[in-house]
C-alpha cells in the first residue's frame, strides 16, 4: 500500500511539474497583464486557528494590541468579505491547500462522520490531490509548513508527502492529546515525519514556530520560497510564552493574539533585513471564526466557529506586497481561501491544475485594486459537513429552510426557516427580507440546486466529488528517543 501511495505521489508531483512547464510560457502574458513581476515572488500565508473577525485592531478590536498586523493593513489591503469554506479546522484547511470546496475533495467530515479529523484516523487529504505547495514546487519554490496541519496524521497524508520540503508542527488541534480509554498518543510535535517532543510544551509553541519560519526564510532568501504558517493559537487551550502571558486586556486569549502579532512583526522585519520585502506577498487570515467561549470576537458579525453564519466563515484578512498591493486600501468584494492556489500559481508563472475542477479563482485584480474589479465568484456555498445550509450571490445570502439543520457538535436544530439577508446593508444578518425579494430567493434556490448536483448534500453524493485518502490500519504518532 505504501509503495502504491508513494508512486501516486510521484506521478502527482511529476504531473504538476509538467503542467507548470507547459503553461509557463502562455502564463507570462497573463502575469504581465496583471501588473505582476516577471520574476517569481515569495509567498507567506499566516493562518490562525479560531481567530475571530473582530480580534484585530485593524478590524475593530479594542482589547487586543496588534500593531504589526495593523501596520500590514496600513501598508497593504484589508479584505472585509473574505471567506473560508467551513466553520471548523479540517475542511477549511483542505480548501486552502487544494482550491476546492471540502465536499469536492471529501474532507468535509471524518470517516466516523465527525466534523474534523482526529488522531490515529483512517482519513486524510488524498495524495492524488494537487496542493498549492506542489504547484509552487513545480516552479522551483522551496516550501515549508510550520504549524498545525490537520489534514491527516498518517505518513502518506503529512505535509512532506503533500509538496512541502519541510514540516515542523503539531499535526492536529492542540486539545487532541492523550486521553483515557482512547488510542490517542501524547500530543506530538513533528519535524518532517518524526515526533521530536511529546507531549508538546505549548507555552513556547508560537515562539518556536516563528524561529523555524525565520530560519527557513533566511536559508532560502536567494530563491523563491513558499511558507505556510498555520498557527496552533489562539485555539483553546490557549498558551503563550513568558513575555506575553498575563499581559493583555483579554486574559489568555488576548495574550495569544498579541504574541501572534509580535511573531508577524518579526517575520516582516526579517524580510526587510534580508532585502526581500518588496518581492514577498504576505497573506494573514484565520481558519474559521472565534468560538462562542474563550474570549474571541466576531463582531460585528453574528454567529461563531462551527456555524454557517457570517461569524463562522467570514474572516479578517490582510494582504501586503509593497509596490504591488496598494497601501491603506480595503476590498469588500467576495474572495476566499479557495482563491489562494490559483492566484499564487499565476503569480509564479503557472496555473492551478486543469485536469480537475478547481473552485478557486484568480483574485489578483482585486489585490492590485484594479478599477472596476469585481469578485470572480457568482456564488459561494456554506456547507456544514455534508449539508448545504446557505448560499451567497453578490450582496444576497439565503439561509435554506431545513427540517433538521446540522451542527458540528450536539443536536441539530429542527425546522429552521428560510431567511434572506442583504449583507451589504445588514452584515449581522438580523433583518429577513425574503418576502420583499421573491425573485432573489428563487435565483439563489436555483444556485443551491446546482451545488447539490455537483457537490452533493445529506441525501445525495455530488457528481463532482473526488475521494479522500484512506488507510486500513492507522497507527499513532509516537516519540522515540532512539
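The values are calculated or read from the model by the stated rules, or taken from the named source; none is laboratory data. Since we're looking at a predicted model, the values are computed, not measured. Ideal geometry is used to build each Cβ from the backbone, glycine not excepted, and the neighbour counts take in all protein chains shown.
Summary table below
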| item | result |
| --- | --- |
| Qualifying positions in region 204-252 - surrounded by fewer than 14 Cβ atoms within 10 Å (Cβ to Cβ) and assigned to a helix (DSSP H, G or I) | 218, 219, 251 |
| Matching residues, region 165-198, being touching a helix residue (DSSP H, G or I) at 6+ places or on another chain (Cβ under 9 Å), assigned to a loop (DSSP other than H, G, I, E, B) and either closer than 19 Å to residue 233 by Cβ or not assigned by TED's automatic domain parsing to the domain that holds residue 228 (or both) | 170, 171, 172, 173, 174, 187 |
| Residue in region 174-185 that is crowded, with 22+ Cβ neighbours inside 10 Å and modelled with pLDDT of 95 or more present | no |
| Unmet requirement for residue 92, which otherwise passes all of (1) closer than 28 Å to residue 215 by Cα; (2) assigned to a loop (DSSP other than H, G, I, E, B) | (2) |
| Residue match in region 82-95 (condition: within 19 Å of the chain's Cα centre (by Cα) and farther than 30 Å from residue 185 by Cβ) | yes |
| Any hit, region 336-359, residues being in contact with a strand residue (DSSP E or B) (Cβ under 7 Å, 6 or more places away or on another chain) and in a strand (DSSP E or B) | yes |
| Members of region 235-249 that are under 15 Å from residue 61 (Cα atoms) and either at pLDDT below 95 or under 25 Å from the mean Cα position of the chain (by Cα) (or both) | none |
| Complete set of residues in region 378-425 that are in contact with a strand residue (DSSP E or B) (Cβ under 7 Å, 6 or more places away or on another chain) and within 27 Å of residue 325 (Cβ to Cβ) | 378, 379, 380, 392, 395, 423 |
| Selected residue (only one of 312, 296, 289 is crowded, with 24+ Cβ neighbours inside 10 Å and part of a helix (DSSP H, G or I)) | 312 |
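Conditions (1) under 27 Å from residue 266 (Cβ atoms); (2) out of contact with any helix residue (DSSP H, G or I) (no Cβ under 8 Å at 6 or more places or on another chain); (3) at pLDDT 95 or above; (4) surrounded by fewer than 24 Cβ atoms within 10 Å (Cβ to Cβ), marked per residue:
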| site | (1), (2), (3), (4) |
| --- | --- |
| 21 | no, yes, no, yes |
| 26 | no, yes, no, yes |
| 41 | yes, no, yes, yes |
| 60 | yes, yes, yes, yes |
| 73 | yes, no, yes, no |
| 84 | yes, no, yes, no |
